[in-house]
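Structure record follows, encoded as C-alpha cells.
Throughout, read-outs are computed from the coordinates displayed, never taken from laboratory work. Quick caveat, the model's predicted, so the values are computed rather than measured. Using ideal geometry, Cβ is built from the backbone for each residue, glycine included, and neighbour counts are taken over all protein chains shown.
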Amino acid sequence: MKNSDKSELFRFARGSQNPLYLIINFLKKRNVYLKILIAFALSLSLAYLSAPGLPGKVPELKAGEVAPRDIIAPFDFPVYKDDETLQIERETAISEVAPIYSINHQITEIALTHNQNFFQIMGGILKKKRPTSVDKQGISLPEFSWSILANDKARADIEDAVSMMIESVMSQGVLSDRSSLESEGISSISIANAKGEKEILLSDVITIEGIEDYLLTLAEDYFPSDEEKARTAAVIARMMIRANLERNTVATKHRIDEVLSRISPIKYWVLKDEKIVEAHKRVTKEQEIALVSLNENITSIRYATIWLGRAFLILSIVTILGIYIAKTHPEIYENNRNLVAIAIILVILVFISRMVMQFITPSYNYASLLFPAAFASIIITVFFDLQAGLVMALLAGMMGGIVTGLDMGVTLSAVAGAITGSLSTFKIKHYSGLIKAGIMVVGVISLVVLLIGLVRVQPISQILSMMLWAGLGGAFSVFLAWVTIPAFERIMGLSSSIRLIGLSDLNHPLLRKLAIEAPGSYHHSINVGELASRACEVIGCNALLTRVGGYYHDIGKLKNPSYFSENQPPDIKPHDKLSPQMSSLVIKKHVEDGVDFGREWGLPDVIIDMIRKHHGTFLISFFYKVALDEDRHGVVEETDFRYPGPKPDTKESTILMIADAAESAVRSLSNPEPTNIRRTIRTIVENRLNDGQFDDSPLTLKEINKATDVIIEATTVMYHTRIKYAETGA
C-alpha cells in the first residue's frame, strides 16, 4: 500500500474529512471500484445465463379428456393432498395418540399415612375392649378380621403387607374410571414417571373398579397359608388405595401437535423431466391434480427466487475467486484486463452451456454432459499458470452443477475433465500439444462417467450414452480452447505460454536482427533473460514470461546501436560529440523505440509493458554527473536525466530491472571477482530500492533478497575469471 493511501486511512479514522469522500477516493486510488463492478457484472451475467427460463402454463386437462401432447415437468414440484384426505389423516393420527397420564405421588403418600393411622387407631381400640364388644365406628371389616387384628403380631404383619400393597399398586398408577376413555375410542395410555413414558393398553391399566380381586391376589402372596389374613389385608388395602393417575393435558397436546407436524400436506413429488401426461391418452384424476399443481408452481415469484438464489450463490463463488486471486496472484488481480478476460471466459462457458441445455438437452437426455469446463481451465492455465488453472477447474465444475440444476454427475465429470485439462497443458509448447490434452481429457471424463454409472447401477446402454456425450464434451472443450486462445491474444492482449515459447526461440527474426545489428545488446539480452528466469523460478513467478521479456527488453537499441557501450568498438565514443543532455535523450529513447519496435513486430502487450518499465524512472547517473560538472548557471534538472518510466509493478518486471542492471554493471567490471560482483549487485539493488523504483512492485523484501542472491550466484558463474593456479611441475 502506498503511503498516500495509508495517510488517507488515518485521516478517515480521525474523522478529519468527509468519510464518504475518503472511502470513494481510496477506492479510486486502489482501483477497487472497477474490480467490484466487474465482479457484480460477472455474477449477474452468469446468474442470468444459468437460470432456467419461465415456462408457460400447461393446459389444465380434466379427468377423462385426451391429452393433445406429452406434458413434461420443467422442474421438481409437489402435488398436495386434498382437504378431505388431509383431515382424515389428522383425525386418524390424533386418535392413535395415547393420552399422557402422570402419577400423583402425593396421593400415594396420603394413602400410606392413612394406613399407618388406621392401624394405630385399631391397636388402641382393641387393647381396651374385646373384639366382640368393640365399637366398629362404621369400619366395614369381616367379623374374623377383628379377631385377627386383636393380635398384636398379626396386626403388625397385616399393616406391613398393606403398606407394601399400597406402594406396589399405586406406583403403577391407578385410574379412577376406564369406561369414559373407552367411550372416546382410546385403547391405550402413556404413563409418565421419572424413568420416562410407558404406553400400556387401557385394559391393562389398574382401576378402582374391580380392584378387589387384584388386591386379594397380592395379599395371598403375602399370606399364602392364611386365607383370613389375606382377605383382611385386601379389604384394608382397598379402603386406603385411591386413583392417582392424572391426565397431563399440556403434554398430551404437545404430543398431538408433534404427530400432526409430521403429517405432510404433500402427497408426492413430481420430478424434473418426469412425464406427467402421455400424448393421446386419457387423463386420470391423479394426473389432473398434478397438472393443477404444476400451474400453481409456474409463477414469476418462484423464478425470481431461483434467479436471486443463483445470483447470490454465484456472487459468493466469484468473491471467493477474487479474494484468492488477490492473495496468490497479485499480478493478475492488479491488471483489470486480466480480470475482464477471466470474466469473459466464464461468460462464454456458461453461455455455451445454456445453449446446450436449451436446444440440445430436451432432445437428448445426457447432452448436459457436453458442459465444456475443461475449456476454461485450459485457457487460464495457458495464459497464466497451473495454480490458477486448477482453481478455475473447481469453479467451472461448480458452475456446471449450477447450470444443470445441481446435477452431481455433471459436476464431478466437469471438475475431473477441467483438472485434467490444466495438468495436460501447463507445459504445452505448441498448439499440437492440445491434441494430446484433448485425448487425456476425453479419457478421464469418460472414465469418471463410467464409474458414476456403475455406482448408480444404470443400464449399460445408458452408461455408454453418457460416456459418448461426456467424451464429446471433452473434445469440444479442447477445440474451443484451440479456437479462442489466438482470439484472446489479439483482442485482450494476453500472452499464452505457447506464444511465449515461440518468442523465446533465438531464431526469431527480431532476435536475429538484434544479433546482427547490435550483437553486444543481443548477448546482454540473452544473459538478462537467463538471469531473470532463474530468479523467477526461485520466488515462484512466471519464469518463461521474464525470460522472453529479457530477450526483447533492449530491442529499442536497434535504432542507434552504436550509442550503447556494449556495441561500441574500443576506439569509437560517439557520446564525446554530444552534450550530456543529448546523450541522456539518446539513451532514454531506446525505451520508447523498444515499445515502437514491439508494436511493429506484434509483440504481446505484456512484453511491451516490460520493455517500457525495465528502467523505471531511474536516474542516468553518469551523464547527470557530467552535466552537473559543466553546469555553471544551475539550470540542470535531475528529472531531465531520468527514464520516463513507469516503475515496474509486477514481480516479473521488477526482476527484469534487477537482472538488467546487474548484468550491465558486472560486465563492465575490470576485476569480476566474486566479492566485487556481490558488492556491485547489492549496491545496484539498494540504490533502486532507495530511489523508490520498487514502490509499485508486489515483491517483498524477502523475495528481492532471494532473487538478488540467485542473480549474484549466476552472474558469478557467468563472469568470474578462471583462477590461475601456480605451476606444480606436474
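Sorting 164-176, 277-289 by average packing, meaning the other beta carbons within 10 Å per residue, from highest down gives 164-176, 277-289. Neighbours of residue 343 by Cβ distance under 15 Å: Lys/Arg scored +1, Asp/Glu scored -1, total +2. Taken one residue at a time, the phi angles of segment 613-630 give Karplus couplings (6.51, -1.76, 1.60, θ = phi - 60°) of 10, 6, 10, x, 10, 5, 7, 7, 5, 4, 6, 5, 5, 4, 5, 5, 5, 8 Hz. Gly and Pro are set to x. Placing pseudo-labels 7 Å out from each Cα toward the beta carbon at residue 427 and residue 631 gives an inter-label distance of 5.5 nm.
Treating r as the C-beta distance of residue 110 and residue 197 and R0 as 30 Å, the FRET efficiency rounds to 0.75. Which of the three applies to segment 499-719, rounded, prolate or oblate, going by the alpha-carbon gyration tensor with a ≥ b ≥ c and a/c under 1.5 meaning rounded? Cα axes put segment 499-719 in the rounded bin. Packing, as the average of other Cβ atoms within 10 Å across residues, places the peptides 567-578, 366-377 in the order 366-377, 567-578, highest first.
Under the rule of at least 5 residues apart or a separate chain, name every residue whose amide H is placed under 5 Å from the amide H of residue 72. Under 5 Å from the amide H of residue 72 lie the amide H atoms of 276, each far enough along the sequence or on another chain.
So which of 62/281; 625/651; 327/429 end up more than 19 Å apart by C-alpha? Flagged as over cut-off: 625/651; 327/429.
Under a 5 Å amide H cut-off, with hydrogens placed 1.01 Å from N, residue 270 pairs with 77, 79 among residues at least 5 apart or on other chains. Give the label of the value calculated from the structure for volume of the Cα convex hull per residue in Å³, choosing from [x] 401; [y] 177; [z] 209. From the options [x] 401; [y] 177; [z] 209, the structure gives [x]. Here the sum of -39500 (n - 2.57) over DSSP H runs of 4 or more residues, divided by the residues of the chain, equals -20500 deg cm²/dmol at 222 nm, to the nearest 500.
Among residues other than residue 170 with Cβ under 15 Å from its Cβ, the summed charge is -1 (Lys and Arg +1, Asp and Glu -1). Available extension along the chain between residue 140 and residue 32 is 29.0 nm, counting 0.36 nm per residue and deducting the alpha carbon span. The charge dipole of the chain, taken about the Cα centre with unit charges on the Cβ atoms of Lys, Arg (+1) and Asp, Glu (-1), comes to about 2500 debye, rounded to the nearest 20. The stretch between residue 266 and residue 84, if pulled fully straight at 0.36 nm per residue, gains 64.2 nm over its current Cα-Cα span. Across segment 204-217, coupling constants 3J(HN,Hα) worked out from phi with the 6.51/-1.76/1.60 Karplus curve, θ = phi - 60°, read 9, 7, 6, 10, 4, 5, x, 7, 4, 5, 5, 5, 5, 4 Hz, and Gly and Pro carry x. Compared with the dominant Cα axis of the chain, that is its longest principal axis, helix 32-50 is turned about 60°.
Principal-axis analysis of the Cα atoms of the chain puts helix 674-690 at an angle of about 70° to the longest axis. Between residue 679 and residue 582, the FRET efficiency from the beta-carbon distance, with R0 = 41 Å, is close to 0.80. The mean sequence distance of close C-alpha pairs (under 8 Å, at least 6 residues apart), as a share of the length of the chain, puts its relative contact order at 11 percent. Dipole magnitude for segment 138-211: computed about the Cα centre from +1 point charges on Lys and Arg Cβ and -1 point charges on Asp and Glu Cβ, it is near 120 debye. Under 5 Å from the amide H of residue 188 lie the amide H atoms of 202, each residue being 5 or more positions distant or on a separate chain, with H modelled from the backbone and absent for Pro and chain starts. For the pair residue 700 and residue 571, a Förster radius of 51 Å applied to the C-beta separation gives a FRET efficiency near 0.65, rounded to the nearest 0.05. Residues of segment 432-446 falling in the label zone of residue 501, defined by backbone nitrogen less than 20 Å from a point 7 Å along Cα to beta-carbon, are 432-442.
When peptides 656-665, 178-187 are sorted by average Cβ neighbour count within 10 Å, with the highest value leading, the order is 656-665, 178-187. Between residue 227 and residue 462, residue separation times 0.36 nm minus the direct Cα-Cα distance comes to 76.3 nm. Once the Cα atoms are used to define both axes, helix 336-355 deviates from the longest principal axis of the chain by about 50 degrees. Using the Karplus relation 6.51 cos²θ - 1.76 cosθ + 1.60 with θ = phi - 60°, the per-residue 3J(HN,Hα) values for segment 705-715 come to 5, 5, 5, 4, 4, 5, 5, 4, 4, 5, 5 Hz, with x marking Gly and Pro.
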